[in-house]
Each structure stands twice: as structure tokens, then as C-alpha cells.
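Before any comments, here is the structure.
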Amino acid sequence: MSETTSLSSLLDQIGKPVEGHRPWPRIAADRKGWSSLIAAMAGNDWTLLGLWGEPKAVHVAVADVPAATYAVVSLDCPERSFPSFSAVRPGAIRLERTAQELFGLTAEGLTDPRPWLDYGWWGVRQPLAETPLEPDPNPPRYEFLPIDGEGWHQVPVGPVHAGIIEPGHFRFTCNGETVIRLEERLGWVHKGVDSLLKGATIENAAKLAARLSGDATVANSIAFARAVEAALGIEVPPRAVWLRAMMGELERIANHLGDIGSVCNDAAFAFMLAEFHGLRELVAQANWDSFGHRLMMDRVIPGGTLVDLSIGAATRYDELAKTLRSRVAGLVHIYDTKPSMLDRTVTTGTVSLELVNSFAASGHVGRASGRDFDSRKTPGYPPYDQLEFRVPVFQDGDVNARVWVRIREIEESLKLVEQIVSKFLEKDFAGDDRLVSEVPAGVGGEGIAMAEAFRGEYLAWVRIGADGLIQRCHLRDPSWFQWPVLEASIEGNIVADFPLCNKSFNCSYTGADL
Amino acid sequence: MLKHLLKNVAGGPVTIQGPAASTEAVEELAARLQKLTHTRLGKGLVFREIDAGSCNGCELEIHALNNIVYDLERFGFRFAASPRHADVMMVTGPVAKNMKEALFRTWDAAPNPKWVVAVGDCACGTGVFAGSYACVGKVADVVPVDLHIKGCPPRPIDLLAGLIALIESTVAPAEKKAS
Ligand code: SF4
């Protein structure tokens, strides 16, 4: 495969588009075509956006971002075995381990074939396979990566952590204070989301999607709703499109405020935690008063939104944006002029552009290391094409850069909130007050969509049957591609800096544990 | 920064008034009211939060309890890092089966007397994840629960109302029978 082949011409060669998949094409490839995609990925920088199984099929979402080519490639595998992407895209490793365990598929040549989510406690194996298996009476012990050499010791942490935080296990191998390797063992909060989605009504599935990761509930709901709308050809009323963006930006602001405060707190600068979490609370209270939910859960629904923005609420958010802008600026000045604070964040937990690119790590994690990708811009979705905003990108890749991406994103999101609010204050919807379009009953289809959360882009893929029920839905959290980068970020740092690194990433456990 | 601090001192408190104890919670707790454990514990309770499969929504609101508006510590509540220091286990999530053992062991590590508060619809058994192969279903199936606080997620003010009931009642922990 020559390096000059474009993704779109390769897609033409490897298979035919499947009818009824929107908006990206879904190409049904044969084994040869699938393998030639893997071979081609080795020689270029196309992005692997997701990989998910079915009982007898596997799908991969790929993109050539500069060329604006986005597609799903599928392989029917009646023998339940498929060639692995792991050797060319390390981000595929955990996704393939998951497909193996949930569906009983085999990823041939998987570079790390150990189990991932299944600890042997579910009472069933391969729960989503055509014929699930009896549980193993003696589940094998999980083998951590072997350590060689002298003078090292290990620090096991979790699953239950010291703070108010999700569970996961971190195994630090150290030499003195210096971490030589961090290995994550996740999956503790696996809830069987894929199995609950299967056969669900669209309404119930939307509730599940909203709770894949509660901190990014709005973005999750937008991704799921847009996938359903693509599948069923639903046009969303303009008012709802703008309301979604409003809620999405408020969610981004709230989470960034919380995380900046928490990063500072991990450097024992508790004053910043108090201040930033106080600001976060202002957003939550405005959300409660305006949208009836502090996190705006279930406010974005397939077809539109559940709630409107009153003139009073729009004015309040306009004022809140101004308050936040000035108060954040004051606090940022404090952050940036405290040497004892910067000493903890500058050059701590550095990750390279090469590394974030190889995993397609998105959000602030990618953008702090120079990876200029934001799904609001590319492939983009409305109403962001009508809004003015910058995507801040930094190069240093350390905790400080991740904090700065968040600072700049708060500023950009505040501008977005003001632009959206003015649209509502000017009653700029041509008298169209509809909030939701009908979701047609008894129609099927397949759809895919992305939505940019504070931590990166959520991907939702859905297949709806002719009975209007979900046949298969896969929700891919950006954390899948950020967790492995976090492992690398702490190498060569001291154990005490891990909380700072971890908070600066703030990956979702629940979102990736499914 | 000094200017900032001075402004904060001069600006008066930002905390909101504490809510009255939730009647529902008082009723649930009163049912188990026995002898005065307060005398032993004083007016303070130490919490240990355990996420047993939450979507992280409940955690955000539990976090908010500590912010300057709700300021949990003024009521004598505090979160501890270790269950060994805790009086109350605050548990969220439908209890993912992968977390069942960890939940039990964390609870078991806390000294007696101890209480368990199930936080959120999931923990109470009425959340969206109940019924999956990977979930136990509710906290009470794994450790004895003294107080249920519903909501998805419950707001900080709801949490506060429930917790104030916990400290105002003089309760004996629910019967210790854990699986
Ligand atoms: S009750 Fe709601 S917010 Fe809490 S963990 Fe369950 S789904 Fe998340």
C-alpha cells in the first residue's frame, strides 16, 4: 500500500457502503480489505476513532482528519475472529480486549491479549455473545506486566481511593521516589452498559447514554441524540440546536472550573479549590434554576431538548459569564504568579505530541501537547459553524499546559455562552419555538456522531431496528485513549506528583469501564 | 492574592442556610432509634465515600457538599481518606459486581459503630443500571443500609437534609448482617 493512497480511495477499494448508515459511510469489507486498512494505517497518520464488536462482526471508526474523511469499516466474522489493529494503533488494544470479553471474538495478533473488564465475577462469560458461556469456576489470576532488575518496589493503589473519586487500581513500580512504570487495572465500575442498551427503547437508551459518564452528561446526550437523529433522518429544530450548544458549553465551563481547583488542591493550594469550586457552584445553581437540573441531565433528548431557555435565564447567564470572566482572571493571575504552585505543575507529567497522536488522545490532553483536534470544528456540528471561537492549543504537554488549555477554554466557552444568549435575547429563531421533533416510530437505521465534551470527543454509534428498538449501540468515551497516555505521563516523575497528573487529565472511569 | 483574601473576609459568608432535616430521613432513622451513641461520638461524624459503580454524577454532588456554599464541615461532618477513621460509609452506584468485594471490605474495615448511607437512585436500587449482568442492584444487598437518599443525583441540599437527620437522630446502626 503506497503512502499516497487517500483514505477515501482505499475505502472505495475495500468494500461497498452499507445502505442506511449516516452521515459517514459504513463500508462492509472482507478480511482482505480489513487487513489492507490495517496495513495502510501503519504508513500514515489516520485516526482510529473507535472499535466495537457484535456477536459475529466487528467495526472500526477511522478518519483522515485533514482530508475530512470519516468512515466506519465493518468486517463480518462468522468464525468470530478478526485481524487486530493493536500493532498499528495502540489505542485499539483495550477496545479489542473488551470486544474479546464481551462478545467472545478473537483479535488475531492482539499485542496484549490479557483480560480487561471481566474479573470472573459476573456469573457469566462473554455476556453479549450469541451464546454466553458459563462462568469459569477458577478465573485465572490477572497477570500484571513483569518487572525485571534490582532496587524497585511497588505501590498498589485502589480500587477504593482516598478521596471522593471513582474506583480503579494503579500499580506503581518505583525506584526510590521515582516512578518507573504505572500500570492501570480498570473495569471496576463495569455496569454492562452495552447489554442494557441492547433492546432498549430510544427513550431509555438516551437515559443510559446520559449516565455513561455523569460529569459529561450533556455531551454524551448530544452524541447519542445526534447518532439517533442521523439514523432516522430527524431534523432538529434550530432552537434546540442552540440550546444544546448552550448546555454543552456550560458543562465545559463547570468541569474546567472544578478541575483547575482540584489540580491546585493536589499541590496543597486549598484556597484555589475553595474559590474555583465556589464558581462551579454558581454554574450549577443557574442550571438548576434555568434547566431544572444542576448537571442538566436528560435535558438533551433525541429529537431536540426537553427544556427551553427563558429570557430571564438568558439574562442571568449573560451576567454570570461576565462575573466568571473577571473572577477567573483574578484567580489565574494568582495561579500564574505563585512559584510554589508552578513548581508542581511546570514540567510535571509531560507527554509528547507523538504519544498523544499515536493514541488519538483528544480534548485538553491532546491539545496541551500540540494535537489540534476539536470535534466542534472537525468534522463539526451545528451550531458551531455559526459561532466564533478558537481552539486553544499548547505545546509543552505538562500539567501546566493542561491547566492552561482549560483556562483558555473557559474563556472561549464564556464567549460562546454570550453569543448563544444574544441569539435568544434577540429572539432570532424566526418565530420557530419548537424544541423537539418527533422521533418516528417503527423506523430503523444506523447512525454515528461525535460531541465534544470538556475531556474530549464522545463517539456514539447506533443501530435501530424496524421495531424502533436499539439493536446495538456503542458509546466510546474519550478516556479510552487518554488513560494509556496517563500511564506514560508519570514515568520519571515522583509518586507524589501522580494526583496532579491524574487530575489534570481527569479521565472517566465509568465511561471507559462501560 | 492578599487583596483577594481581604475582600473575601470583608464580604461576609457565602454559605447558604442549612436545611431542616429531611422528614423522610428522620422517619427512616427514627425507626432504628435506640440508645445515645452521640455521647460517644460527640457532634461530629466522619465519612468515607465509596463509589460502587456510580456514573460519577453522585460524586460531583457529594463533592459540592464540601464547597463554600454548603460547607459541610460547619455541621461537624468531614470526609476521611481511610475507612478506619470513618463512622459513616456514603455509598453510590448500583454496586458493580466488580466492586462488590471492595465495597464489603471497605465497609468491614471501618470500626463499629458505623452507618451506611446509600446515595442516589442507583445505590437505592431504582437507577438505570439495575438488572444488568454486571450489577448487584443495590447497596443494601451487600452491606446494611441505614439511610437512603434518592435522586439522580441527589442535590447537595438533599444530601445535607438527609445527613443532618443522621446526626440529629441518635441512631443505632442497622443490623449487621452482610453477605
Ligand atoms: S443515581 Fe444517577 S447520578 Fe447517581 S450514580 Fe446513579 S445514574 Fe449516576
- Take the Cα coordinates of the range A:7-108, assign each an equal point scatterer, and use the Debye formula without solvent to give log10 I(q)/I(0) at q = 0.11, 0.13, 0.15, 0.23 Å⁻¹. -0.28, -0.40, -0.54, -1.31
- Arranged from highest to lowest average of other beta-carbon atoms within 10 Å per residue, in what order do the peptides A:166-175, A:197-206 appear? A:166-175, A:197-206
- Cleavage-rule hits, trypsin sites (Lys or Arg not before Pro), the range A:402-473, DSSP coil, Cβ neighbours within 10 Å at most 10: A:K427
- Message: For the range A:394-448, which GluC sites (Glu not before Pro) pass both filters: DSSP loop (anything but H, G, I, E, B) and at most 15 other C-beta atoms within 10 Å?
- Response: A:E426, A:E438
- Distance (nanometres) between label positions extended 7 Å along Cα→Cβ at A:E130 and A:A268: 6.2 nm
- Show which lysines lie in cross-link reach of A:K191 when reach means a straight Cα distance below 23 angstrom and same-chain residues fewer than eight apart are skipped. A:K56, A:K207, B:K97, B:K100, B:K138, B:K150
- Distance from the range A:460-505 to the range B:65-114 (C-alpha centre basis), Å: 26 Å
- Item | Per-selection Kirkwood Rh - the range A:52-194 (Cα, Å, 1 d.p.) | 17.4 Å
- Message: Only bridges whose two residues both fall in chain A count here: according to DSSP, what percent of them are antiparallel, nearest 5?
- Response: 85 percent
- When DSSP assigns beta bridges and you keep just the ones with both residues in the range A:7-108, what percent turn out antiparallel, to the nearest 5? 70 percent
- Task: Sort the following peptides by mean Cβ neighbour count (other Cβ atoms within 10 Å, averaged over residues), highest first: A:266-275, A:176-185.
- Result: A:266-275, A:176-185
- Note on the structure: Of the accessible area of chain A, computed with a 1.4 Å probe and all protein chains kept, carbon and sulfur make up a percent value of 52 percent
- Message: Tell me the mean residue ellipticity at 222 nm calculated for chain A from its helices only (DSSP H runs of n ≥ 4, each -39500 (n - 2.57), averaged over every residue, nearest 500).
- Response: -12500 deg cm²/dmol
- Query: Tally Lys/Arg at +1 and Asp/Glu at -1 over every other residue whose Cβ is under 14 Å from the Cβ of A:V124; what's the total?
  - Reply: -4
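Can you give me the relative contact order of chain A as a percent, contacts being Cα pairs under 8 Å and 6 or more apart?
18 percent
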- Query: Cβ under 15 Å from B:G131's Cβ, B:G131 left aside: what net charge do those residues give with Lys, Arg +1 and Asp, Glu -1?
  - Reply: +3
- Query: When all alpha-carbon pairs of the range A:377-496 are counted, what percent fall beyond 18 Å?
  - Reply: 71 percent
- Message: How shielded is A:209-216 by partner chains, expressed as the average number of their Cβ atoms within 10 Å of its Cβ atoms?
- Response: 5
- Just counting partner chain Cβ atoms within 10 Å, what average do the residues of peptide A:504-513 show around their Cβ? 2
- Task: Report, in whole Å, the centroid distance computed from the Cα atoms of the range A:405-457 and the range A:370-394.
- Result: 13 Å
- For the range A:7-108: relative contact order, % (alpha-carbon pairs under 8 angstrom, 6 or more apart): 25 percent
- Item | Percent of Cα-Cα distances greater than 14 Å, calculated over the range A:275-318 | 52 percent
- Task: Work the Kirkwood hydrodynamic radius out for the protein assembly as shown: mean of 1/r over every pair of different alpha-carbon atoms, inverted, in Å.
- Result: 25.9 Å
- What do the square roots of 5 times the Cα gyration tensor eigenvalues come to for the range A:194-478, in whole Å, largest first, as semi-axes of the equivalent ellipsoid? 33, 23, 16
- Item | Peptides A:11-21, A:142-152, A:482-492 ordered by average Cβ neighbours within 10 Å, highest first | A:482-492, A:11-21, A:142-152
- Task: Per residue of A:154-165, count partner chain C-beta atoms within 10 Å of its C-beta, then hand back the mean as an integer.
- Result: 5
- If you wrap the range B:55-179's Cα atoms in a convex hull and average its projection over all directions, what's the area in nm²? 7.2 nm²
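The values are calculated or read from the model by the stated rules, or taken from the named source; none is laboratory data. Owing to the predicted nature of the structure, the values given are computational and were not obtained by experimental measurement. Cβ: placed from backbone, ideal geometry, glycine included. Neighbour counts: every protein chain shown. Protein only, heavy atoms only, side chains kept; ligands, DNA and RNA dropped before computing areas. Shrake-Rupley method; radii C 1.70, N 1.55, O 1.52, S 1.80 Å.
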